[in-house]
1. Need pairs with beta-carbon distance below 8 Å; first residue more than 13 Å from Asp407 (Cα to Cα) and within segment 147-158, second surrounded by 24 or more Cβ atoms within 10 Å (Cβ to Cβ) and at pLDDT 95 or above; sequence gap 6+ or separate chains.
2. Does segment 298-315 hold any residues that are on the phi < 0 side of the Ramachandran plot and in contact with a helix residue (DSSP H, G or I) (Cβ under 7 Å, 6 or more places away or on another chain), and which are they?
3. Tally up the residues in segment 226-273 that are at pLDDT 95 or above and of a type outside the set (Gly, Ala, Ser), please.
4. Would you mind listing the helices (runs of 4 or more DSSP H) fully within segment 189-297 where at least 3 residues are closer than 28 Å to Arg114 by Cβ and among the charged types (D, E, K, R)?
5. Please work out which one of (1) out of contact with any Gly (no Cβ under 9 Å at 6 or more places or on another chain); (2) part of a helix (DSSP H, G or I) is the condition Thr335 fails and give its number.
6. Which one of the conditions (1) surrounded by fewer than 17 Cβ atoms within 10 Å (Cβ to Cβ); (2) over 24 Å from Met397 (Cβ atoms); (3) at pLDDT below 90 does Val167 fail to meet, given that it meets all the rest?
7. For segment 78-101, which positions are more than 21 Å from the chain's Cα centre (by Cα) and open to solvent by less than 40 Å² (accessible area, probe 1.4 Å)?
8. Find the residue count for segment 387-413, including only residues that are open to solvent by 20 Å² or more (accessible area, probe 1.4 Å), aliphatic (A, V, I, L, M) and within 23 Å of Glu269 (Cα to Cα).
Amino acid sequence: MDTRQSPHTDGPAGSRPEHEYPFHRPSAVEVPPLYEELRAQCPVARVGLPSGDEGYVVSRHEDVRTVLADPRFSRAATVEPGAPRLSASAPPMAGGLFTMDPPEHTRLRKLVSREFTARRVQNLRPRIQELTDGLLDEMERTAPPVDLNTALAFPLPVMVICELLGVPFEDRDRFRAWSDAFVSLTSHSADEVMSQRMSMVTYLGELVQRKREEPAGDLMSALVSARDEEGSLSEQELITMGITLLVAGHETTVSMIGTCVLTLLRHPEQLAALREHPERMEHAVEELLRINPIGDGGPLRVTLEDVEIAGTRIPKGSAVLAAICSANRDERRFTEGPTAAFDPFRPSAVAQLAFGHGPHFCLGAALARAELQIVLGTLVRRFPTLKLAEDASELRMTTGMMVHALDRLPVTW
């Protein structure tokens with residue numbers, strides 16, 4: 001059945017959409033099967049959102065790219081009064097990269113983009129390798145089984161972003177609680193989200209003051225200088241930028257390390273091929289990014305005018321989710337065999353949209369790629385007998401969050 005209709009033509013007033021977002025995910029190693037149906041029959045689907053508002057999910061690769069790049073799909077509009085919301089727990093946080101459009105978004109992004117260039121990340125690789133080696137040394141001294149999340153997937157990205165920003169690593173457990181609240185869909189109440197948000201704002205405010213008094217060679221010190229000496233951003237923008245970089249700089253990479261390792265361990269033949277050809281790990285990471293979504297949809301956008309996508313009119317003021325999870329499985333774009341299959345040598349894997357597209361393309365994409373390449377390459381080299389300590393069917397993803405992660409990953413060797 002084709003359900004491609006707008007709210008103005010979808011039947012009796014007050015009728016609910018056929019589908020509720022987020023869609024059901026059968027297990028830790030499967031994406032919602034509904035996406036395959038939507039790509040085939042209803043590429044722009046009207047859905048109910050956790051907030052109680054309604055919106056649209058766009059599921060095909062070409063259309064998702066359009067939503068991500070077209071300025072008619074606005075991030076800034078998501079914080080306007082009365083805008084549709086994704087979550088009922090708390091409104092989005094204004095004044096940051098995730099809730100701005102160009103030119104304001106361009107101005108803020110320019111302030112930090114130099115820290116995430118390919119050259120800057122290349123210079124960071126020896127340090128990332130050193131941190132990875134240290135964590136794996138510690139893991140090797142531990143009697144298996146171990147939880148790879150605790151031993152590697154969580155601490156490595158946190159160490160990297162803390163060093164880059166100049167944030168004390170010993171506060172990492174606080175980051176986890178804050179991040180969970182920031183990416184909550186239904187896992188936290190509105191009061192819990194606001195409490196964690198205010199705690200993080202207070203923390204960053206205190207950190208900013210310390211950087212004013214004792215500046216260092218880190219990114220937060222540079223942002224404080226840009227605020228105080230150049231007037232390039234407001235105090236609110238400064239603190240929100242720190243929060244954005246701290247949360248986004250580790251949350252998604254933590255998730256990806258765990259799911260990528262799980263994928264490799266579930267495919268021993270492909271893993272053996274990568275051990276034989278370690279130089280191919282760089283390309284394999286693109287396939288791992290394609291097949292392991294960090295969430296079902298990207299951040300919410302709101303249409304600034306009526307827009308037609310795949311023959312469907314999306315009215316002005318509508319909430320729209322670009323389902324990167326689905327786009328990365330689109331049979332129209334990834335044509336070398338079943339898109340649900342893991343093929344580390346798939347040529348089209350480089351077309352994956354895990355980092356987004358357009359003006360909001362992930363600022364830390366080069367850093368995340370470097371971390372994944374180094375972590376996965378080092379892990380499979382140093383632990384040639386690594387395997388799951390439990391059946392994959394026993395593993396679970398976190399729920400009620402915009403970012404999915406394995407709640408644990410027990411391994412042995």
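The values are calculated or read from the model by the stated rules, or taken from the named source; none is laboratory data. Predicted model only: the values in this text are computed from it and were never measured. Note that we place each Cβ from the backbone using ideal geometry, even for glycine, and neighbour counts take in every protein chain shown. These accessible areas exclude ligands, DNA and RNA; they are computed on the full protein's heavy atoms, side chains included. Shrake-Rupley method; radii C 1.70, N 1.55, O 1.52, S 1.80 Å.
1. From segment 147-158, the pairs are Leu152/Ile257; Leu152/Val375; Leu156/Ile257; Leu156/Glu371; Leu156/Val375; Pro157/Ile257; Pro157/Glu371.
2. Restricting attention to segment 298-315, the residues satisfying the condition of being on the phi < 0 side of the Ramachandran plot are 298-309, 312-315.
Listed by number, the residues that qualify are Gly298, Pro299, Leu300, Arg301, Val302, Leu304, Ile309.
3. 15
4. Values: elements: 190-213, 219-225, 235-248, 251-266, 268-276, 281-291.
Output list reads 190-213.
5. (2)
6. Every condition holds for Val167 apart from (1).
7. Quick first cut of segment 78-101, residues more than 21 Å from the chain's Cα centre (by Cα) only: 80-84.
Hits for segment 78-101 are Ala83, Pro84.
8. 3
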